[in-house]
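All remarks here apply to the structure that follows.
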Amino acid sequence: MRTKLLIVIFLAVLAGVATFGWLGYRLFTTGFSAKTEPQAIEIFLARQIRHLAIPIEQRNTPNPVALSPDLLQEGLAHFADHCAGCHANDGSGQTPIGKNVYPKAPDLRLPDTQSMSDGELFWVIHNGIRFTAMPAWGEGDPAQDLDSWKLVHFLRHLPQLTTEELDQMKALNPKTKKDLEEEAAFDQFLQGNDSAAIQPESGHHH
């Protein structure tokens with residue numbers, strides 16, 4: 001046990017030194033830009049640090065929430081409302097926000113994410129990841145955070161999303177103020193208020 005602990009500490013220190021060295025080099029030579037693709041060494045170090053940051057006990061924690069169709073629907077609705085803005089409904093990360101943060105939002109359908117244990121995925125959702133755009137969504141006692149565990153089930157389902165589910169998620173995505181105003185005006189028009197009809201904007205749309 002003592003040997004394993006020393007190895008973990010050594011690797012953590014080594015990763016820290018390497019990271020600071022790399023960051024220093026980038027800072028004084030090329031600077032930082034959210035448009036830049038992370039290089040292989042940066043990705044490797046980031047993953048190792050993330051792995052070491054998650055307590056062993058948490059990594060091995062099984063999902064306490066039983067999977068069911070209703071639960072999957074809850075996870076779908078939660079993801080569409082809270083996560084799709086960065087990660088996209090299909091988990092690809094191909095959104096204006098997801099493509100322009102640093103590091104870019106990962107494709108949650110790929111092995112880099114799907115190979116993580118349920119406990120690791122829960123920890124990331126509940127606690128977030130420092131120095132990234134991933135916030136901590138959990139509040140209070142992790143043992144009571146069943147919503148994050150439901151999201152873990154939905155993350156596992158992302159590679160099998162159907163067209164019908166994607167359409168359902170699109171309807172659940174948060175709307176902009178303009179979208180809400182147009183929706184309200186259309187509802188009034190259907191109720192007989194002709195003056196509420198949406199007027200087309202001038203100019204051409206491309």
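If we only count helices (runs of 4 or more DSSP H) wholly inside the stretch 128-206, which ones have 3 or more residues that are modelled with pLDDT under 95, surrounded by fewer than 16 Cβ atoms within 10 Å (Cβ to Cβ) and not assigned by TED's automatic domain parsing to the domain that holds G75?
177-190
Quick check on the stretch 62-79. Is at least one of its residues part of a loop (DSSP other than H, G, I, E, B) and within 23 Å of R130 (Cα to Cα)? Lay out the reasoning, then the answer.
First, pick out the residues of the stretch 62-79 that are part of a loop (DSSP other than H, G, I, E, B): 62-68.
If we keep only those that are within 23 Å of R130 (Cα to Cα) too, we end up with none.
No, the stretch 62-79 contains no residue that is part of a loop (DSSP other than H, G, I, E, B) and within 23 Å of R130 (Cα to Cα).
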In the stretch 101-127, how many residues are farther than 17 Å from N60 by Cα, modelled with pLDDT of 90 or more and outside any helix (DSSP H, G or I)? 6
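Mind listing whichever residues of the stretch 123-148 are in contact with a Ser or Thr (Cβ under 6 Å, 6 or more places away or on another chain) and of a type outside the set (A, V, I, L, M)? Explain how you work it out, then say what you get.
Just the residues of the stretch 123-148 that are in contact with a Ser or Thr (Cβ under 6 Å, 6 or more places away or on another chain), to begin with: 125-126, 138.
H126, G138, listed by residue number.
The values are calculated or read from the model by the stated rules, or taken from the named source; none is laboratory data. Model, not experiment: these values are computed from the prediction. Don't worry about glycine lacking a Cβ; one is built from the backbone with ideal geometry, like all the others, and counts go over all protein chains shown.
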